[in-house]
Ligand SMILES: Nc1ccn([C@@H]2O[C@H](COP(=O)(O)OP(=O)(O)OP(=O)(O)O)[C@@H](O)[C@H]2O)c(=O)n1
Ligand SMILES: C[C@](O)(CO)[C@H](O)COP(=O)(O)O
């Protein structure tokens, strides 16, 4: 299995309310991004970890990443949206001679608590799949649709509903074509679906939090502490 990880890390973290892009916020004594990269650099089956940074990123060089090893490589190729950032990293891979059936694993910089067993599970389930798939969580709560007043317009049946996480892992050619044709998506799976394919859902981890809003950073720190103790 030839797997390259791409970590989109070119966002500004507007919803976090932090003074700097959230991937550089301090988490357990390191930049948040360090924890994310450490988890992807660990498995031997991931050959390379490409970190897709904003073109004008001024933070990366202020930190020491050397203990993550030689697999981790920054690319200053961010775009205006997450999917544009991933698309730009895929173009770099294409220029380096990626093969159509190579695997690309995309994982948000903003998800620093990913556990190794879930990474392994994703790779094992996808094994010889021709398309790819993603970690996701079956919806466990009752789901409401709101109207414009913030009142309940309807209760939506939760059967068959899943919340998409990352990593999302696809064959290189499938993902590149899908994202080129459907760049308006919020995750890789949506582009692949729009291309008429059906990504495989693999049950993810409730602790694989995406740091998004104020308070999430403290939650991530608590999760990392729990994982240390376990
Ligand atoms: N132009 C962009 C926008 C987002 N991302 C990355 O995509 C991931 C998930 O996006 P999100 O949580 O929405 O991050 P931000 O866009 O930074 O947050 P916000 O929407 O609150 O500004 C993050 O790792 C973020 O750095 C990216 O690489 N390029
Ligand atoms: C890709 C993603 O993590 C799946 O849940 C998520 O959609 C990215 O965050 P955004 O807020 O949609 O940019």
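Could you list, in sequence order, the residues of the stretch 35-62 that are out of contact with any strand residue (DSSP E or B) (no Cβ under 6 Å at 6 or more places or on another chain), more than 22 Å from residue 19 (Cα to Cα) and buried (at least 17 other Cβ atoms within 10 Å of the Cβ)? If the condition is that a residue be out of contact with any strand residue (DSSP E or B) (no Cβ under 6 Å at 6 or more places or on another chain), more than 22 Å from residue 19 (Cα to Cα) and buried (at least 17 other Cβ atoms within 10 Å of the Cβ), then 38, 39 are the ones that fit.
Residues in the stretch 16-33 that are surrounded by fewer than 24 Cβ atoms within 10 Å (Cβ to Cβ), part of a helix (DSSP H, G or I) and in contact (Cβ under 8 Å) with a residue 60 or more places away in the chain: 16 only. I need the full set of residues from the stretch 205-227 which are within 16 Å of ligand 1 (Cβ to nearest atom), assigned to a loop (DSSP other than H, G, I, E, B) and over 22 Å from residue 85 (Cβ atoms), in order please. Correct list: 214, 215.
State yes or no: is residue 5 modelled with pLDDT of 95 or more and either within 16 Å of ligand 2 (Cβ to nearest atom) or surrounded by 19 or more Cβ atoms within 10 Å (Cβ to Cβ) (or both)?
Here the answer is yes, as residue 5 does meet what is asked.
Candidates in the stretch 178-199 are the residues that are in contact with a strand residue (DSSP E or B) (Cβ under 7 Å, 6 or more places away or on another chain) and assigned to a loop (DSSP other than H, G, I, E, B); of these, the one that is surrounded by the most Cβ atoms within 10 Å (Cβ to Cβ) is 199. What about residue 136, is it within 28 Å of residue 1 (Cβ to Cβ) and out of contact with any helix residue (DSSP H, G or I) (no Cβ under 8 Å at 6 or more places or on another chain)? So residue 136 fits the description; yes.
Given (1) modelled with pLDDT of 95 or more; (2) more than 16 Å from ligand 1 (Cβ to nearest atom), where does residue 113 come up short, assuming only one miss? Every condition holds for residue 113 apart from (2). Counting only strands (runs of 3 or more DSSP E) wholly contained in the stretch 75-177, the ones carrying 1 or more residues that are more than 15 Å from ligand 2 (Cβ to nearest atom) and surrounded by 15 or more Cβ atoms within 10 Å (Cβ to Cβ) occupy 103-106, 162-171. Taking the criterion of being over 19 Å from residue 133 (Cα atoms) and within 11 Å of the chain's Cα centre (by Cα), the residues of the stretch 94-115 that qualify are 110, 112. Scanning the stretch 132-160 for residues that are within 21 Å of residue 111 (Cα to Cα) and more than 16 Å from ligand 1 (Cβ to nearest atom) yields 132, 133, 137, 138, 139, 140.
In the set (1) within 16 Å of ligand 2 (Cβ to nearest atom); (2) touching a residue at least 60 places away in the same chain (Cβ under 8 Å); (3) closer than 20 Å to residue 139 by Cβ, the condition left unmet by residue 198 is number (1). Scanning the stretch 34-48 for residues that are in contact with a helix residue (DSSP H, G or I) (Cβ under 8 Å, 6 or more places away or on another chain) and either part of a strand (DSSP E or B) or farther than 14 Å from residue 210 by Cα (or both) yields 34, 37, 38, 39, 40, 41, 42, 43, 45, 46.
The values are calculated or read from the model by the stated rules, or taken from the named source; none is laboratory data. Please read all numbers here as calculations on a predicted model, not as lab measurements. Note: ideal-geometry Cβ built from the backbone for every residue, glycine included; neighbour counts use all protein chains shown.
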